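Just so you know, all these numbers are worked out from the coordinates, no wet-lab data involved. Treat the numbers as computed from the prediction; the structure is a model and nothing was measured. A quick note on method: Cβ atoms are made from the backbone with ideal geometry, for glycine too, and the neighbour counts reach across all protein chains shown.
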Amino acid sequence: MMSSSIMSRMLQNSLSVLTAKTATSPRLFSSSTPCPAATDPPAGKLSGKVAIVTASTDGIGFGIAENLARHGAHVMLSSRKADNVTAAVEKLQADGLSVSGTVCHVGKQGDRSNLFQQTVDKFGGLDILVSNAAVNPYFGPTLDCPEDAWDKIFEINVKVAFLLFKESVPLMLQRGGGSAVFVSSIGGFQPISALGPYSVSKTALFGLTKVLASEAAADNIRVNCIAPGIIQTKFAAALTDNEDIADRVLETVPLGRFGQPSEMGGIVSFLASEEASYVTGETIVLAGGMNARL
């Protein structure tokens, strides 16, 4: 275990680098009762479309799922914990949105297959995949990262993203095409100190996006990626909830504030819609102006 002083120093070093760069430039969500009947979605640019969003019961995933639904899509939410899925589904259904949910640990093949099957059974097909699930079990110098932690990061953050897309393709083909969006991170452009392996896994998603976009284009399937900056979520709490660290972080953000999960959904709805019919293979940064170039 690293001491808190070492962790703090590594974060401070990372912030100094960022500042310098900125200056220079399977089961249903309720195991006892069936899912509530889906309501008709509001009219919008995604009307009639069906979407899956992984890790979507809070944070960025929830913000994306809500926005897709508000634009008319039927959305299947998912998370590892049934209680979280139930709460998220009930919240969105209370707003008249067409959503359902299922428990899914994306690292388990059976759960992934169940996620797709529940979506087809509930909504009749699939048009949109948003791969948002990610993990970070290690904090510290990259060279000290245990092999099992490295493997876990790349299994969930990269391999599973690929496997989800692979399983979605046959369903999208049945609908004449579709759209996939991978959720990466600003860390994929500017590695975050003490989060090296995680940052590398997020960089890998940029390459995965390019490869799959090229290969799937002939099937009318578009593949894009978003790279959120520092968003106020549980995952980023170490950066946003400590006043001293937060002030340093905000020095690297020209807009002078942290992003909100709800601000991530609009660009995903755009990428999934016909408005973005000529956009594929791209990574769009949502980071308040933070430096973000490889």
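Modelled spin labels at ASP121 and ALA217, positioned 7 Å past Cα toward Cβ, are 3.9 nm from each other.
Across the range 252-268, computed HN-Hα scalar couplings (Karplus, 6.51 cos²θ - 1.76 cosθ + 1.60, θ = phi - 60°) run 9, 10, x, 6, x, 8, 7, x, 10, x, 5, 7, 8, x, x, 5, 5 Hz from first to last residue, x flagging Gly and Pro.
Simple spin-label estimate for ARG293 and ASP247 gives 3.1 nm between the two label positions (7 Å along the Cα-to-Cβ direction from each Cα). Dipole check for the range 82-160: with +1 at the C-beta of Lys and Arg, -1 at the C-beta of Asp and Glu, and the Cα centre as origin, the magnitude is about 200 Debye.
What are the GluC sites (Glu not before Pro) within the range 192-281 that DSSP puts in a loop, where the Cβ has at most 15 other Cβ atoms within 10 Å? The partial results should precede the final answer.
Numbers: sites: GLU215, GLU243, GLU251, GLU263, GLU274, GLU275; in loops: GLU251.
The qualifying sites are GLU251.
Take each peptide in 155-163, 194-202, count the other Cβ atoms within 10 Å of every residue, and average; sorted highest first, the result is 194-202, 155-163.
Considering only beta bridges that DSSP places wholly inside the chain, some 5 percent are antiparallel. Helix content alone sets the calculated 222 nm mean residue ellipticity of the chain: runs of n ≥ 4 DSSP H residues at -39500 (n - 2.57) each, divided across all residues, give -13500 deg cm²/dmol. Each part reduced to its alpha carbon centroid, the range 128-200 and the range 256-286 end up 17 Å apart.
Overall, the range 151-284 carries a charge dipole of about 300 debye about its Cα centre when +1 sits on the Cβ of Lys and Arg and -1 on the Cβ of Asp and Glu, all other atoms neutral. Each residue of the range 63-68 was assigned a 3J(HN,Hα) from its phi angle through the Karplus curve 6.51 cos²θ - 1.76 cosθ + 1.60 (θ = phi - 60°); the sequence is x, 5, 4, 5, 5, 4 Hz, with glycine and proline shown as x.
Here the Karplus curve 6.51 cos²θ - 1.76 cosθ + 1.60, taken at θ = phi - 60°, turns the phi angles of the range 205-220 into couplings of 5, 4, x, 4, 4, 5, 5, 5, 4, 5, 6, 9, 4, 5, 9, 6 Hz, with x standing for Gly and Pro. Summing Lys and Arg as +1 and Asp and Glu as -1 over all other residues whose Cβ lies under 13 Å from the Cβ of ALA51 gives a net charge of +3. Identify which of the listed values of semi-axes √(5λ) of the Cα gyration tensor in Å was calculated from the structure shown: (1) 38, 28, 21; (2) 32, 20, 19; (3) 49, 20, 17. Read-out taken from this structure: (2). Taking amide H as placed 1.01 Å from N in the peptide plane, the amide H of GLY178 sits under 5 Å from that of ILE221, ARG222, each at least 5 places away or on another chain. In the range 4-286, a dipole from Cβ-located charges (positive for Lys and Arg, negative for Asp and Glu) runs towards its positive end, and of GLY188, GLY207, VAL253 it is GLY207 whose Cα lies farthest in that direction.
Find, among the trypsin sites (Lys or Arg not before Pro) in the range 207-288, those assigned to loop by DSSP (not H, G, I, E, B) with at most 13 other beta-carbon atoms within 10 angstrom.
Working: sites: LYS210, ARG222, LYS234, ARG248, ARG257; in loops: LYS234, ARG257.
For trypsin sites (Lys or Arg not before Pro) across the range 207-288 that sit outside H, G, I, E and B with at most 13 neighbouring Cβ atoms in 10 Å, the list reads LYS234, ARG257.
Determine which residues of the range 63-78 fall in the zone a paramagnetic label at ALA94 would reach in this model, i.e. backbone nitrogen under 20 Å from the point 7 Å along Cα→Cβ. In the range 63-78, the label zone of ALA94 (backbone N under 20 Å from the point 7 Å along Cα→Cβ) covers 63-71, 75-78.
Once the C-beta distance of GLU282 and LYS159 is scaled by a Förster radius of 25 Å, the resulting FRET efficiency is 0.65 to the nearest 0.05. Dipole size of the chain about its Cα centre, with +1 on Lys/Arg Cβ and -1 on Asp/Glu Cβ: approximately 240 debye, rounded to the nearest 20.
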